[in-house]
Amino acid sequence: MTHATIDMMHPPAPAEPGVQAYNLKLGMWVFLASEVMFFTGLIGSYVVLRFGVGEWARPGTVLNIPITALNTFLLICSSVSMVKAYAAIADGDQKGLRLWFLLTILGGAAFVGVQVYEYLHLVHSGFVPSGVRDGSELAERVASGALPAATMGLYGSTFYTMTGFHGFHVSCGVVSMIYLYIRKVLPGKYTRQDYRGVEVVGLYWHFVDLVWIILFTIVYLI
């Protein structure tokens, strides 16, 4: 009873910001390690199917590479703005943090918006997760022999699975950053001594950027 009373009167001191930052970063790195395995499985399956099953349609004959290249540029710019946001708060620059963090959110939201537009355009042309929609423009090209009929189903399913999951991850990142921007960044709760939230979400954002560069290279350029 005496020890319990003493413990209540003198509760343990809260963990220092440095310790909390280490725990948050460790948790994020463990999460990202699981994400690496997830995307490695998706990309590995795509590579095995594409180069081991038969002839696939060339990306440029089905996909809109120029608009996706622009979208890739937007995502890379958002990653740069995240670096600038981190550097700003590390220097205690609240105004710089608000500006660059907001630009990162806008860049991520623009990426998702362009990807939705790309999906709508592809579906309109007849490229769907099951392959090619009957009666569409792509169906006519398949019937004429311009596109390989045997692998279009695999092409559609792998393309939408990989890019869709990545788009979902980007969307989650944007939602998380909006929450932090409203609850933490705008009120000025991040300081030069404690900005671990910016650092942790930055790790996640750079990860999804890197994954997209790999996806863009493999799916759209090769």
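If you take all other residues with their beta carbon under 13 Å from the beta carbon of residue 201, and give Lys and Arg +1 and Asp and Glu -1, the sum is +2. Directionally averaged projected area (region 76-194, Cα convex hull): 8.4 nm². Taking a straight Cα-Cα cut-off under 12 Å and skipping sequence neighbours fewer than 8 places away in the same chain, the aspartates and glutamates within cross-link reach of residue 25 are 199. Taking Rg/Rh (Cα atoms, Kirkwood Rh) as calculated from this structure, the corresponding entry among (i) 0.94; (ii) 1.00; (iii) 1.14 is (iii). Here the Karplus relation 6.51 cos²θ - 1.76 cosθ + 1.60, evaluated at θ = phi - 60°, turns the backbone of region 79-92 into coupling constants of 5, 5, 5, 5, 4, 5, 5, 4, 5, 5, 6, 5, 8, x Hz, with x for every Gly and Pro.
Pairs of alpha-carbon atoms within less than 8 angstrom and 6+ residues apart define the contacts here; what relative contact order does region 18-221 have, in percent?
With pairs under 8 Å counted, the relative contact order is 31 percent.
Computed from Cα atoms, the angle from the helix 17-52 axis to the main principal axis of the chain rounds to 10 degrees. Distant-in-sequence amide contacts of residue 147, defined by a placed amide H-H separation under 5 Å and a gap of 5 or more residues or a different chain, comprise 142.
Within the shell of other residues whose beta carbon sits under 14 angstrom from the beta carbon of residue 153, the net charge comes to 0, with Lys and Arg scored +1 and Asp and Glu -1.
Counting only helical runs of four or more DSSP H residues, what would the 222 nm mean residue ellipticity of the chain come to if each run contributes -39,500 (n - 2.57) and the total is spread over all its residues?
Values: 8 runs with 162 residues, N = 222.
Taking each H run of at least 4 residues, the total per residue is -25000 deg cm²/dmol.
When a footprinting reagent is the concern and you count Cβ atoms within 10 Å, what order do 194, 91, 209 take, fewest first? Numbers along the way, then the final one.
On the way: 194 15, 91 10, 209 22.
In order of increasing Cβ crowding within 10 Å: 91, 194, 209.
Using θ = phi - 60° in the Karplus curve 6.51 cos²θ - 1.76 cosθ + 1.60, the 3J(HN,Hα) couplings for region 211-216 round to 4, 5, 4, 5, 4, 4 Hz; x is entered for Gly and Pro. Region 129-169 and region 67-124 have their alpha-carbon centroids 28 Å apart. Counted over all Cα-Cα pairs of region 149-188, pairs farther apart than 14 Å make up 62 percent.
None of the figures in this text is laboratory data; all of them are computed from the coordinates on show. Only a predicted model underlies this, so the values are computations on that prediction, with no experimental measurement involved. Here Cβ is always computed from backbone atoms with ideal geometry, including for glycine, and neighbour counts include all displayed protein chains.
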